[in-house]
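Remarks on the structure that follows.
Any read-out appearing in this document is the output of simple, stated calculations on the displayed coordinates, not a laboratory observation. Worth saying up front: this structure is predicted, and the values here are computed from it rather than measured. No Cβ is skipped: glycine too gets one built from the backbone with ideal geometry, and neighbour counts run over all protein chains shown.
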There are 2 protein chains.
Amino acid sequence: MRNGRGRVTLPSQKDFLNETKELMERWGADAIRDSDGTKLDDDIKQLDAKIYTTYFVARGHNDFAEKHMEECQQLYLMSQFNTAHNEELKIDFMKGYFEEQLKPDYVHDPKVYWEVIDRTTGKVVDIDNWSVNKQDNSVTITNAIPWHEYTVSFLVYAIWDPTQMYNHITNDWGDTPHDIPFDVRQPNSNKYMKDYLSQWLKENPDTDVVRFTTFFYHFTLVFNNLGKEKFVDWFGYGASVSVAALDAFEKEKGYRLRPEDIVDQGYYNTSFRIPTKAFLDYMDFVQKFVAEEARKLVDIVHESGKEAMMFLGDNWIGTEPYGEYFKNIGLDAVVGSVGGGATLRMIADIPHVRYTEGRFLPYFFPDTFYEGNNPVIEANENWLTARRAILRNPVDRIGYGGYLSLAYKFPDFVSYIESVTDEFREIYDTIHGVEPYSGLKVAILNSWGKLRTWQTHMVAHALWYKQIYSYLGILESLSGADVDVVFISFDDVINNGVPDDVDVIINAGDAGTAFSGGHYWTNEKLVTTIRSWIYNGGGFIGVGEPTAYQHEGHYFQLATALGVDKELGFSLSTDKYFVTPVNEHFITKDSQSFDFGEGMKNIYALSEKTEILEYSDGEVHLASGSFGQGRTVYIAGLPYSEENTRLLMRSLYYAAQKEEAFYRWHSSNIYCEVHVYPAIGKAAIVNNSMEEQTTMIYNGQGKAKEVKLAPSEIRWEVFSDEGEFADRD
Amino acid sequence: MRNGRGRVTLPSQKDFLNETKELMERWGADAIRDSDGTKLDDDIKQLDAKIYTTYFVARGHNDFAEKHMEECQQLYLMSQFNTAHNEELKIDFMKGYFEEQLKPDYVHDPKVYWEVIDRTTGKVVDIDNWSVNKQDNSVTITNAIPWHEYTVSFLVYAIWDPTQMYNHITNDWGDTPHDIPFDVRQPNSNKYMKDYLSQWLKENPDTDVVRFTTFFYHFTLVFNNLGKEKFVDWFGYGASVSVAALDAFEKEKGYRLRPEDIVDQGYYNTSFRIPTKAFLDYMDFVQKFVAEEARKLVDIVHESGKEAMMFLGDNWIGTEPYGEYFKNIGLDAVVGSVGGGATLRMIADIPHVRYTEGRFLPYFFPDTFYEGNNPVIEANENWLTARRAILRNPVDRIGYGGYLSLAYKFPDFVSYIESVTDEFREIYDTIHGVEPYSGLKVAILNSWGKLRTWQTHMVAHALWYKQIYSYLGILESLSGADVDVVFISFDDVINNGVPDDVDVIINAGDAGTAFSGGHYWTNEKLVTTIRSWIYNGGGFIGVGEPTAYQHEGHYFQLATALGVDKELGFSLSTDKYFVTPVNEHFITKDSQSFDFGEGMKNIYALSEKTEILEYSDGEVHLASGSFGQGRTVYIAGLPYSEENTRLLMRSLYYAAQKEEAFYRWHSSNIYCEVHVYPAIGKAAIVNNSMEEQTTMIYNGQGKAKEVKLAPSEIRWEVFSDEGEFADRD
Ligand SMILES: [Mg+2]
Ligand SMILES: [Mg+2]
Ligand SMILES: [Mg+2]
């Protein structure tokens, strides 16, 4: 079935006109884009399609940048830890850093902008007790305390754009000049960005959509002395720091930041760190400024009659799509890379834009498109995980990236994407703007709340890390589930309580991280608000080390409600009697076996009231309990899988005491799901797997029928007001 | 070979004269003891043997105790955590406790001696805001803060001796009266104890050795409402607390203890808790008092011409054999239960007594001595682990306990013990008083130091706990190894530095426990002392979470020296390049595979300098490194086994930079060891396994010979001054 045309963006490249036409036709594409390293020919630009052109704001203009090296972007860095062996300690502070990327800032006085810290005591070393040697990039401390460790926090100029640096090194671009990033906060750069954009818009009349990649400040990506990644934080605000920014911050917020407010013991305020007041202020300051400046560029684009689209990545720092200032930018669209359901929702849920677009995988690059490999598999997996989320909230467009010529060599792939684009349009046309059925509302509770909507537990965008996958599974599971999801912060709860319509709160993460909450759990208001909310009927799910902070006889501060705590060694003398799992439980009804990912050690049940659902290796990994009128569930970890999605869903409906609602629009087979759209009387029954599945499907009234679904199938059903399925037409 | 007679104690019982004689002869016993539940007949007491008689000081005299219930022993207990739902909260503080054991103390004013604590804030509730109802054992708080959690710390009388209670319940003793423990600190009890002892000594002329079981205060053992163990701490000082003790403490130390100083959030200052100043003061206060009072009893025993022996267990609290006051007690001997090498050394190393005795396993009880079971296996295992330690420092005597009549029914067992007793005497006669060869000196560093010599990481004496076995293995390995072992505390290091003769320091334990050290690792003096000591050539081995305390950019405060740290989530953004184990290393030369027990998650190498020895599951579990002139080793966990003993020995010799010394008196086969006694020119080659073993044995000069050893064999070798083995005569 061909669903016509539209909502699809095709990458193209030089000398590829006819094939581009053919694929446009087959995939129904109505937009064409360039990609990193590809430029579009004029004849392609004349095709019946919107033309997206990638636009770099703060790099790619070395003619300008080289003349204004003092307007280069900056970073605060921390040296390695150095042990004093006597009273004099010389620190080679650039040791381990990539000199092609980073150059110490000697323009501004180190005594004003740098900090030497005694890391044994945490005290700042008096500026009279250290000096800088600019010849060999060293700091020498006099009056050091022997055997203390010291670090230097220092400002550098970032003289190479990290994305271009990565591509340059990875692809061995040899003599290609290094893109120098310049800073919108500086007068010449600020003017240049606008002037050049105006000029560029005139020179690119065929461009319909300016695809900003992105605005001003790149996420933190620092290389080491061997030219390899040393530090990467997709949320890092490092590159937005500069002397000018620090001065402006002081003016705006009324106090001065210390280098340590940015350097943060070398952790650089990653999103795993519980944000300090100073860092939150700094983020706010940057967001406001970025929105203002980005707005000016967007206005210029709009004045030229074109659309402004932002790529969610690269120089996106400060744009914060879920932040307070994002709406001020006035963008038409956001496009981002879709790694699965959670990243799709991260894009699709962005407010204040006319449309969103997901760039699907695989990227048309030789690492996937090589002889002997079947790129259909990756595409199919990507589509199945994204489709779950699309069925909850569709992006408005999908697209691809890379070398179209590569994809073209794989006819099965071309044909598979043809079916995907059709399926996408059918879904979109059916459910766009229609609210999907939700059985309950869940709030993810952490230090960040709304700002990190669908962005929790991430380091570098969508990469696998040992310490995160057992938590990221929660988001991935939720992204395509029949529940509403909101993200709330501890401060939200402290200031405003738990939102009225929330059924279940999830607190998930390793102890001490921003996601678990660390010292927040000694906040009396937070603890009592959540505790009373549960007691009065709320549902609470803790994953990993929820509410963890050793204080007054508990490690989990909501241990009494959760019915479990973690043994740190202090309560070994107290007998742990409760080790026997219950025979049967709503939560585990579909579980054959369990995969808690990294799991959690030494969790034990506090009393006979705790319903132990899984106990092995002398530990509880899954438990539920009641607290007053409310219910709680503990899960040791939840990597993404169909099994764990089902486990989480059952946990949510159990915690919310809506077990019967769980069986509304229910699939007995965990590889299948039912997405329901009451307003249009339609339901989509999906097979999320690449094998044929048979399942009982329960309609909204408790009636069931057996359905056999082809691999990856989506089947639309019409149902009557009484919830009866009609036959499929 | 029969080594004659002596150094062996036999339990006996009623109506068992002839068999006792026979076993005395076969085992060469020169002492006979009674056991719990057995009494000796007069004719047995006339045998040619010393007679040990168990003597209870503070229980077993209900005629007296019932008349002086106000002199009953006391305990501080903490109620469960109770959540306030409104401003009034009624707490059933005895909930979960065993009313046959514990009775609230209403004699002394609760408003003076009890404490109600808001566990959400840690604040003490004003005494005006709560009241006690003695009828139903409840405390009612008025002006409670809704949704805060509250506990009551309250004094009880302990009306049933815990050991008798345990035996009573376990063996279903029915109407047998409950032994009431009375308190030496009370005037009548104090007098009664002395008077009764004097009288008893007169009435028991055949007793040669008064076996105190033990003195005044039982280790903490509290039962729950179902009559089962609820809290057990072999080191717990709970039962030494009383109103009288609190008052005396104030007089002696100049300040008053709070109930919380004892209750400790419900953790009751177990030895896993980093001891507070107040608790250390309290321990000191109790030790001094116990030593004074015990001395009086010992003096009475001595005046009667008998010996005073103390059982290391039961009412041993305050005796602290490695404490400052122990020598003042003036005991002749200590006897304790031998669970393996570490517990043997715990007994054998006790100073200030004329002799020590180990009570070996199995105990002659029906749980081992039943038809179809072979008690030789347990005895053999017990003997092999203990023998390693005996070869380092022998106890002066060995013995057994329980029902001799049971053992008598197992002729193979009788015959095996015959060989054990002979072997023990041969070892003792050969090496007693002879210093064994040590290749190096190791210091175990924790919060307790010398006081907990061979007593670290224990909960209930010698029981297996999931959270301790990975650390106890260190002690067990060391107990029979050719190294000197000392136990030093953080305060020792802070005040006096590292002792001159120490080659290697071991810091082992879970983060935050007294054994790892918690906040001690922010102590500037401690950190710099150890750091400089390593840098100048010291060896440091960290096991589990050594030096762990999140502070200024490190979790392991000696991370820079150790070359590893633990990822808590804060440094995920920093690339971890170092994941490749070295090809070959001195430490792992005998390792086929690894068993780190509970292991440790998320350990990573800090730099290319770290020698990774084992890397799996994306984590480092074994690594070594150098720091200045010194060396460090990290081990994730070390449960006891022959493999891990070898791993630890190699780690020690590597850290000490004495690799060549490791091969002195070396066995190539890990199941065999060589114990050397230079002063007498003898060596014992032992097979620690129950299978035949072949091994190369290296003498002190690097020469080797192949040796085949029978299962469990010990073979004595004579060697010349040049270190040549002579033939065995
Ligand atoms: Mg459903
Ligand atoms: Mg006699
Ligand atoms: Mg040796």
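Provide a whole-number value for the mean count of partner chain Cβ atoms within 10 Å of the Cβ atoms in peptide B:562-570. Intermediate values should be presented prior to the final figure.
Working: counts 0, 0, 0, 0, 0, 4, 7, 19, 14.
Per residue, the average neighbour count from other chains is 5.
Between B:Gln629 and A:Asp109, what FRET efficiency comes out of the Förster formula 1/(1 + (r/R0)^6) with R0 = 22 Å and r the beta carbon distance, rounded to 0.05? If you can, show how the numbers build up before the last one.
Values: r = 39 Å, r/R0 = 1.77.
Efficiency at R0 = 22 Å is approximately 0.05.
What FRET efficiency comes out for B:Val434 versus B:Arg354 if R0 is 25 angstrom and r is the Cβ-Cβ distance? Round to the nearest 0.05.
Values: r = 18 Å, r/R0 = 0.73.
Efficiency for this residue pair is about 0.85.
Over the stretch A:36-171, one equal point on each Cα, no solvent: what is log10 I(q)/I(0) by the Debye formula at q = 0.17 Å⁻¹?
After summing over all Cα pairs, the log10 values are -0.93.
Note down the magnitude of the dipole of chain A about its Cα centre, charges +1 on Lys and Arg C-beta and -1 on Asp and Glu C-beta and zero elsewhere, to the nearest 20 debye.
Details: 68 positive and 109 negative charges, 177 e Å.
That gives chain A a dipole magnitude of about 840 debye.
Among B:Arg5, A:Arg7, what is the fewest-to-most ranking by other Cβ atoms within 10 Å? Mind showing how you got there, number by number?
Numbers: B:Arg5 16, A:Arg7 24.
Ordered by Cβ neighbours within 10 Å, fewest first: B:Arg5, A:Arg7.
Normalised radius of gyration for the protein assembly as shown, please: alpha carbon Rg relative to 2.2 N^0.38 Å, two decimal places. Walk me through the intermediate numbers first.
On the way: Rg = 36.9 Å, N = 1458, 2.2 N^0.38 = 35.0 Å.
The protein assembly as shown yields a ratio of 1.05.
Quick one, can you get me the convex hull of the C-alpha atoms of the stretch A:440-663 expressed as volume per residue in Å³?
On the way: hull volume 25.6 nm³, N = 224.
Normalising the Cα hull of the stretch A:440-663 by residue number yields 114 Å³.
Which trypsin sites (Lys or Arg not before Pro) does the stretch B:184-245 hold that lie in a coil by DSSP with at most 12 other beta carbons within 10 Å? Before the final figure, lay out each step's value.
Details: sites: B:Arg185, B:Lys191, B:Lys194, B:Lys202, B:Arg211, B:Lys228, B:Lys230; in loops: B:Arg185, B:Lys228.
Of the trypsin sites (Lys or Arg not before Pro), the ones in loops of the stretch B:184-245 whose Cβ has at most 12 other Cβ atoms within 10 Å are B:Lys228.
At 7 Å along Cα-to-Cβ for each site, give me the label-to-label distance between A:His85 and B:Arg26 in nm.
6.8 nm
Just report the Cα centroid separation between the stretch B:371-438 and the stretch B:1-50, whole Å.
One Cα centre to the other: 16 Å.
What's the center-to-center distance, using Cα atoms, between the stretch A:567-606 and the stretch A:167-185 in Å?
With the stretch A:567-606 and the stretch A:167-185 each reduced to a Cα centre, they are spaced 52 Å.
Starting from the 7 Å offset along Cα-to-Cβ, what nm value, one decimal, do you get for the label separation of B:Ala462 and B:Lys288?
In this crude label model, B:Ala462 to B:Lys288 measures out at 3.4 nm.
Put a dot 7 Å past each Cα toward the Cβ at A:Glu584 and A:Arg258; how far apart are the dots in nm?
Result for the modelled spin labels: 6.1 nm.
Using the alpha carbons of the stretch A:666-728, what is the convex hull volume per residue in cubic angstrom, as a whole number?
Values: hull volume 4.1 nm³, N = 63.
Convex hull volume per residue, Cα atoms: 65 Å³.
Quick one: which of A:Lys228/A:Lys327; A:Lys103/A:Lys123; A:Lys202/A:Lys253; A:Lys682/A:Lys708; A:Lys441/B:Lys601; B:Lys202/B:Lys296 span more than 28 angstrom between C-alpha atoms? List each step's numbers first, then the result.
Numbers: A:Lys228/A:Lys327 36 Å; A:Lys103/A:Lys123 26 Å; A:Lys202/A:Lys253 39 Å; A:Lys682/A:Lys708 18 Å; A:Lys441/B:Lys601 34 Å; B:Lys202/B:Lys296 17 Å.
A:Lys228/A:Lys327; A:Lys202/A:Lys253; A:Lys441/B:Lys601, as the Cα separations exceed 28 Å there.
Using DSSP to define loop residues, name the GluC sites (Glu not before Pro) in the stretch A:614-721 whose beta-carbon has at most 15 other beta-carbon atoms within 10 Å. Intermediate results must be reported in sequence, preceding the final value.
On the way: sites: A:Glu614, A:Glu619, A:Glu642, A:Glu643, A:Glu659, A:Glu660, A:Glu673, A:Glu691, A:Glu692, A:Glu706, A:Glu713, A:Glu717; in loops: A:Glu691, A:Glu692, A:Glu713.
Passing both the DSSP loop test and the Cβ count: A:Glu691, A:Glu692.
Hey, what did chain B get for relative contact order, percent, Cα under 8 Å, at least 6 apart? Provide the component values of the computation, followed by the final result.
Values: 1610 pairs, mean separation 70.8, N = 729.
Answer for chain B is 10 percent.
I'd like the distance separating the alpha-carbon centroids of the stretch B:84-130 and the stretch A:54-68, in whole Å.
Taking the Cα centre of the stretch A:54-68 as reference, the centre of the stretch B:84-130 is 71 Å away.
How much length is gained on full extension from B:Leu226 to B:Glu426, taking 0.36 nm per residue of separation minus their Cα-Cα distance? Walk me through the intermediate numbers first.
Values: separation 200, 0.36 × 200 = 72.00 nm, distance 4.94 nm.
Going from the current span to full extension adds 67.1 nm.
Please list the non-local residues whose amide H lies under 5 Å from the amide H of A:Lys50, H modeled 1.01 Å from N, same-chain partners needing a gap of 5 or more.
Amide H to amide H, under 5 Å and 5 or more residues apart or across chains, A:Lys50 pairs with A:Ala31, A:Ile32.
What percent antiparallel are the DSSP beta bridges of the protein assembly as shown, to the nearest 5?
Working: 136 of 235 bridges.
Roughly 60 percent of the beta bridges in the protein assembly as shown run antiparallel, per DSSP.
With both bridge residues required to lie in the stretch B:440-663, what share of the DSSP beta bridges run antiparallel, to the nearest 5%?
On the way: 16 of 37 bridges.
Antiparallel bridges: around 45 percent, rounded to the nearest 5.
The stretch A:58-137: which GluC sites (Glu not before Pro) are DSSP loop and have at most 15 other beta-carbon atoms within 10 angstrom?
Working: sites: A:Glu66, A:Glu70, A:Glu71, A:Glu87, A:Glu88, A:Glu99, A:Glu100, A:Glu115; in loops: A:Glu87, A:Glu88, A:Glu99, A:Glu100.
Answer by residue number: A:Glu87, A:Glu88, A:Glu99, A:Glu100.
Expressed as a rounded percentage, what relative contact order does the stretch B:440-663 have, with Cα pairs under 8 Å and six or more residues apart? Write down the numbers at each step before the final one.
Numbers: 491 pairs, mean separation 53.0, N = 224.
With pairs under 8 Å counted, the relative contact order is 24 percent.
Inside 10 Å of the C-beta atoms of A:572-582, what's the mean count of C-beta atoms belonging to other chains?
On the way: counts 15, 22, 11, 9, 2, 5, 0, 0, 0, 0, 0.
Per-residue shielding by partner chains comes out at 6.
May I ask you to sort A:Trp454, A:Trp130 by Cβ crowding, counting other Cβ atoms within 10 Å and putting the fewest first?
Details: A:Trp454 25, A:Trp130 22.
Least crowded to most crowded, the residues run A:Trp130, A:Trp454.
Once you wrap a convex hull around the alpha carbon atoms of the stretch A:83-231, what is its projected area averaged over all directions, in nm²?
On the way: hull surface 46.8 nm².
The orientation-averaged projected area of the Cα hull of the stretch A:83-231 comes to 11.7 nm².
Could you line up A:Ser720, A:Ser79 from fewest to most neighbouring Cβ atoms inside 10 Å? Numbers along the way, then the final one.
Numbers: A:Ser720 11, A:Ser79 24.
Lowest to highest Cβ neighbour count: A:Ser720, A:Ser79.
What residues have an amide H closer than 5 Å to that of B:Val676, excluding those fewer than 5 places away on the same chain, when H is modeled at 1.01 Å from N in the peptide plane?
Excluding prolines and chain starts, which carry no amide H, the hits are B:Tyr437, B:Ala684.
Note down the Stokes-Einstein diffusion coefficient of chain A in µm²/s, whole number, using a Kirkwood radius over alpha carbon pairs, 10 °C, and 1.306 mPa s.
Values: Rh = 27.6 Å.
Translational D for this selection: 57 µm²/s.
Would you mind telling me the antiparallel percentage of the DSSP bridges in chain B, rounded to 5?
Working: 67 of 117 bridges.
Roughly 55 percent of the beta bridges in chain B run antiparallel, per DSSP.
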